[in-house]
Amino acid sequence: MIKHIVKNITAAFLLLLVSCVAQAQPFATDIALFKKQDSTKFPPANGILFIGSSSFTKWTDIQTYFPGYFIINRGFGGSSLPDLIRYEQDIIFPYQPKQIILYCGENDIAAADSVSAEMVLERFTTLFNDIRKQWPRIPLVFISLKPSPARWAMRERMQRANQLIKKYLRKKKHTTFVDVWNSMLGPDGLPMADIFIADRLHMNAKGYAIWQRLIEPTLLK
């Protein structure tokens with residue numbers, strides 16, 4: 001009887017411990033999945049590494065948009081710049097990419113009204129400097145924060161963040177800023193409704209076609 005009670009208490013404690021660890025480490029499941037994929041078949045050197053949030057995560061057929069390039073997609077949905085920094089040893093530095101494509105910062109803005117464009121720039125600068133310490137000359141492409149119907153009320157902070165990051169990268173070698181903002185707006189100056197899925201936040205194939213057209217000229221052969 002006592003042994004059974006102890007066993008139940010131990011199981012409950014372990015379950016609580018696992019739950020606490022998961023809460024302490026957001027996106028741990030996503031990172032574990034990447035590691036599992038790498039253990040099965042590690043990406044070859046000289047691929048193009050896409051890192052960022054759900055706009056990359058949901059681009060599940062990204063390889064078909066860029067035939068002739070080897071794409072390593074390490075976007076994980078909901079992530080912000082601090083999350084990329086937290087997991088940079090897991091999703092960036094294990095690889096030997098010839099180029100990095102980055103889309104992140106939108107979730108930073110959406111997290112709270114108190115997150116300013118200047119804070120986004122500061123976070124981006126931290127990540128950028130970490131990458132530069134590891135690879136001083138690796139080409140990096142930053143995709144501007146996108147407009148969407150769901151987050152249109154946040155557009156001023158997003159556009160300000162885009163401006164600050166663009167200005168920052170203008171002084172850095174081996175960098176490119178890809179502005180997707182205006183290309184995703186209709187004649188009325190609002191986000192085109194037909195390039196988004198039902199949540200009015202994430203893109204459909206039409207939206208990704210716009211990104212493909214803007215990103216492909218920046219990719220290294």
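Laid out as a table, the results:
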{"read-out": "Charge tally in the Cβ shell below 9 Å around Leu140, where Lys, Arg are +1 and Asp, Glu are -1, Leu140 excluded", "value": "+2"}
{"read-out": "All lysines inside 29 Å of Lys58 as judged from Cα atoms, apart from same-chain residues fewer than 8 positions distant", "value": "Lys35, Lys36, Lys41, Lys98, Lys146, Lys166, Lys167, Lys206, Lys221"}
{"read-out": "Helix-only [θ]222 nm of the chain, DSSP H runs n ≥ 4, -39500 (n - 2.57) each, per residue, nearest 500", "value": "-14000 deg cm²/dmol"}
{"read-out": "Arg200-Glu118 pseudo-label distance in nm [points 7 Å out on the Cα-to-Cβ vector]", "value": "3.2"}
{"read-out": "P(r) weight above 34 Å for the chain, C-alpha pairs, percent", "value": "19"}
{"read-out": "Cβ-based charge dipole, the chain, positive-most Cα from Ala112, Leu33, Leu169", "value": "Leu169"}
{"read-out": "Amide proton proximity set for Met203, modelled H, under 5 Å, gap of 5+", "value": "Ile197"}
{"read-out": "Accessible-area composition of the chain, carbon plus sulfur, in percent [1.4 Å probe]", "value": "58"}
{"read-out": "Local electrostatic count, Leu121, Cβ distance below 11 Å [Lys/Arg +1, Asp/Glu -1]", "value": "+1"}
{"read-out": "10 Å binning of all Cα-Cα separations within segment 93-150, expressed as whole percents from 0 upward", "value": "19, 47, 26, 8"}
{"read-out": "Qualifying aspartates and glutamates (Cα of each under 17 Å from Cα of Lys173; at least 8 residues distant if same chain)", "value": "Asp130"}
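The values are calculated or read from the model by the stated rules, or taken from the named source; none is laboratory data. Keep in mind it's a predicted model, so treat the numbers as computed, not measured. Note that each Cβ is placed from the backbone with ideal geometry, even for glycine, and that neighbours are counted across all protein chains shown. For the accessible areas, the whole protein counts, side chains as well, though only heavy atoms, and no ligand, DNA or RNA atoms are used. Shrake-Rupley method; radii C 1.70, N 1.55, O 1.52, S 1.80 Å.
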